[in-house]
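Comments concern the structure below.
The values are calculated or read from the model by the stated rules, or taken from the named source; none is laboratory data. Here the structure is a predicted model, which is why all the values come from computation and not from measurement. Quick reminder, even Gly has a Cβ in these numbers, built from the backbone with ideal geometry, and neighbours come from all protein chains shown. These area figures cover heavy atoms from the full protein model, side chains too; ligands, DNA and RNA do not enter into them. Shrake-Rupley method; radii C 1.70, N 1.55, O 1.52, S 1.80 Å.
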Amino acid sequence: MPKTLPQIFAIKKVIAEADGIKTLVFEGNLNFTPGQFVMVWLPNCDEKPYGVWRNNKKEFCITVAEVGSFSKKLAQQKVGSQIGIRGPFGRGFTVPKK
C-alpha cells in the first residue's frame, strides 16, 4: 500500500502507563526499524507524527502523552476504535548485534 494513504488499524489493547500516558497496541506488521515514525490520523480531527515501537511482526505500539487536543482525543480511543496510520517514515537504524 502506498505510504500516502492511511491504512486502517483497530486498537487491540489500551495500556494506562501513568496519569495522562497511554500505549495503544495494534495488530499487524509495519516493517519499521528503530528511529522511524508513523503519521496517526483520526477521522474528522487531524493527523500527527508518533514514534512506533514493538517490532515483533505481530503487533506494534504507539505511546501517547495527553498534552494537546489531538493527543487527548487519541488517548480517549477504546479497544476496537479504528485509527488511520501512514508510514513508516524517516531514516531508521539497525541495532548492532553482540
Quiz item: Considering only protein heavy atoms, what per residue accessible area in square angstrom results for the chain with a 1.4 angstrom probe?
Solution: 64 Å²
Quiz item: Ignoring ligands, DNA and RNA, what percent of the 1.4 Å accessible area of the chain is carbon and sulfur?
Solution: 53 percent
Exercise. Please give the calculated 222 nm ellipticity per residue for the chain, where each DSSP H segment of at least 4 residues contributes -39500 (n - 2.57) and the sum is spread over every residue; nearest 500 deg cm²/dmol?
Key: -2000 deg cm²/dmol
Quiz item: Compactness ratio of the chain: Cα Rg over 2.2 N^0.38 Å, N = residue count?
Solution: 1.05
Practice problem: Can you tell me the order of 78-85, 89-96 when each peptide is scored by its average per-residue count of other Cβ atoms within 10 angstrom, highest first? | Solution: 78-85, 89-96
Exercise. Return the single residue from Val38, Val52, Val67 with maximal mean-square fluctuation; model: Gaussian network over the chain, springs between Cα atoms under 10 Å.
Key: Val67
Exercise. Compute the separation of the alpha-carbon centres of the stretch 11-30 and the stretch 83-98 and state it in Å as a whole number.
Key: 18 Å
Quiz item: Using a Gaussian network model of the chain with C-alpha springs under 10 Å, which one of Asn44, Asn31, Asn56 is most mobile by mean-square fluctuation?
Solution: Asn44
Practice problem: Return the distance in nm (one decimal) between the two label points of a simple spin-label model at Lys13 and Asp46, each offset 7 Å from Cα along Cα→Cβ. | Solution: 3.0 nm
Quiz item: Of Ala18, Ala75, Ala65, which is the most mobile in a GNM of the chain whose springs link Cα atoms less than 10 angstrom apart?
Solution: Ala18
Quiz prompt | Net charge, Glu66 excluded, C-beta distance under 10 Å - Lys, Arg +1, Asp, Glu -1 | solution = +2
Self-check item: Over the chain, relative contact order from alpha-carbon pairs under 8 Å, at least 6 apart, %
Solution: 38 percent
